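Visitor: A single structure is presented below for examination.
The values are calculated or read from the model by the stated rules, or taken from the named source; none is laboratory data. Quick caveat, the model's predicted, so the values are computed rather than measured. Here the Cβ is made from the backbone with ideal geometry for all residues, glycine too, and neighbour counts use every protein chain on show.
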Ligand code: IPE
Ligand code: IPE
Ligand code: MG
């Protein structure tokens with residue numbers, strides 16, 4: 001396949017990815033699911049570097065949903081250990097490559113070891129400016145929206161916020177993505193065409209891209225292909241095509 005041509009000034013500032021298909025990738029090879037997750041780490045590395053190279057500023061990766069707690073305990077434990085191991089092992093390269101680590105989701109409710117490794121990774125990479133890698137961990141969009149609503153309601157009840165002042169900006173200010181622009185492009189791998197409780201508020205106008213490729217097989221070329229597809233779309237935001245002319 002020819003390398004997709006990317007138009008430099010039309011690269012999305014923010015790409016969000018639902019990394020899916022690790023288990024099926026492993027199963028296909030007769031391996032345990034956990035090896036699929038391990039292989040997925042290589043894709044995270046490759047895609048982060050490729051995104052930075054073309055000028056993407058924020059890359060958000062759905063790594064663990066609140067619903068994923070319902071998986072067999074051994075898989076959950078393996079995923080949490082993999083996270084700790086990966087974050088600890090990558091800090092040096094993240095710094096070398098200018099990657100700032102951020103997290104969204106109910107991260108305080110993660111197991112103590114995972115939380116600690118994550119906070120350490122965030123702290124040690126906080127001055128990097130080439131790209132921000134946002135990990136969605138123990139994340140669900142409904143959780144995030146309820147949490148934001150509760151914060152605003154608390155302020156209103158305390159008399160520090162006038163309900164009439166609750167606009168989009170005020171709401172976004174209490175989301176866990178505060179300060180991060182909305183993703184222009186959302187990618188899901190593995191052929192599933194659903195959102196699975198990811199960034200419901202933030203993807204209101206995102207372009208959606210679905211690929212059958214399993215996450216461990218998704219790399220630089222697949223990312224560029226998705227960006228190229230995005231660049232060929234007309235984003236109308238309610239206007240007519242003629243108005244955009
Ligand atoms: C995505 O791969 C990783 C996580 C959800 C943690 P899956 O583990 O969902 O892989 P499939 O969908 O079972 O193939
Ligand atoms: C979504 O993938 C969550 C992550 C990628 C972390 P799942 O594989 O858990 O989604 P469903 O349950 O098939 O929708
Ligand atoms: Mg899945």
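Visitor: Mind checking whether some residue in the stretch 19-27 is within 21 Å of residue 184 (Cα to Cα) and either away from ligand 2 (no atom under 14 Å from the Cβ) or not in a loop (DSSP other than H, G, I, E, B) (or both)? Steps first, please.
Guide: Step one: of the stretch 19-27, the residues within 21 Å of residue 184 (Cα to Cα) are 19-20.
Next cut, either away from ligand 2 (no atom under 14 Å from the Cβ) or not in a loop (DSSP other than H, G, I, E, B) (or both) only: none.
No: zero hits.
Visitor: Let me ask something additional. Can you tell me how many residues within the stretch 68-122 are part of a helix (DSSP H, G or I) and more than 16 Å from the chain's Cα centre (by Cα)? Write out each step before concluding.
Guide: Going residue by residue through the stretch 68-122, those that are part of a helix (DSSP H, G or I) are 68-70, 73-96, 107-109, 112-122.
Next, only the ones that are more than 16 Å from the chain's Cα centre (by Cα) stay: 69-70, 73-82, 84-86, 88-96, 108-109, 112-117, 119-121.
Total meeting the criteria: 35.
Visitor: Something else about it: Could you list all residues from the stretch 190-245 that are without any contact (Cβ under 8 Å) to a residue 24 or more places away in the chain and at positive phi?
Guide: The one that is without any contact (Cβ under 8 Å) to a residue 24 or more places away in the chain and at positive phi: 238.
Visitor: Could I ask something else about it? Checking the structure you have, find out if any residue of the stretch 87-98 is within 15 Å of ligand 2 (Cβ to nearest atom), on the phi < 0 side of the Ramachandran plot and at pLDDT 95 or above. Before you say what the answer is, go through the steps one by one.
Guide: Looking only at the stretch 87-98, we keep the residues that are within 15 Å of ligand 2 (Cβ to nearest atom), and these are none.
Scanning the stretch 87-98, I find no residue that is within 15 Å of ligand 2 (Cβ to nearest atom), on the phi < 0 side of the Ramachandran plot and at pLDDT 95 or above, so the answer is no.
Visitor: Across the stretch 48-62, which residue is nearest to residue 12 (Cα to Cα) among those that are more than 12 Å from the chain's Cα centre (by Cα) and crowded, with 20+ Cβ neighbours inside 10 Å?
Guide: Our first condition is that a residue be more than 12 Å from the chain's Cα centre (by Cα); within the stretch 48-62, this holds for 49-57.
Okay, now just the ones that are also crowded, with 20+ Cβ neighbours inside 10 Å, so 51, 56.
Values: 51: 10, 56: 6 Å.
Across the stretch 48-62, the extreme among qualifying residues is 56.
Visitor: Condition first: away from ligand 1 (no atom under 14 Å from the Cβ) and under 27 Å from residue 100 (Cβ atoms). Now tell me which residues in the stretch 1-41 satisfy that.
Guide: 4, 6, 7, 8, 9, 10, 11, 12, 13, 14, 15, 16, listed by residue number.
Visitor: Take the residues of the stretch 179-195 that are in contact with a helix residue (DSSP H, G or I) (Cβ under 7 Å, 6 or more places away or on another chain) and not in a loop (DSSP other than H, G, I, E, B): which is nearest to ligand 3 (Cβ to nearest atom)?
Guide: Across the stretch 179-195, the extreme among qualifying residues is 187.
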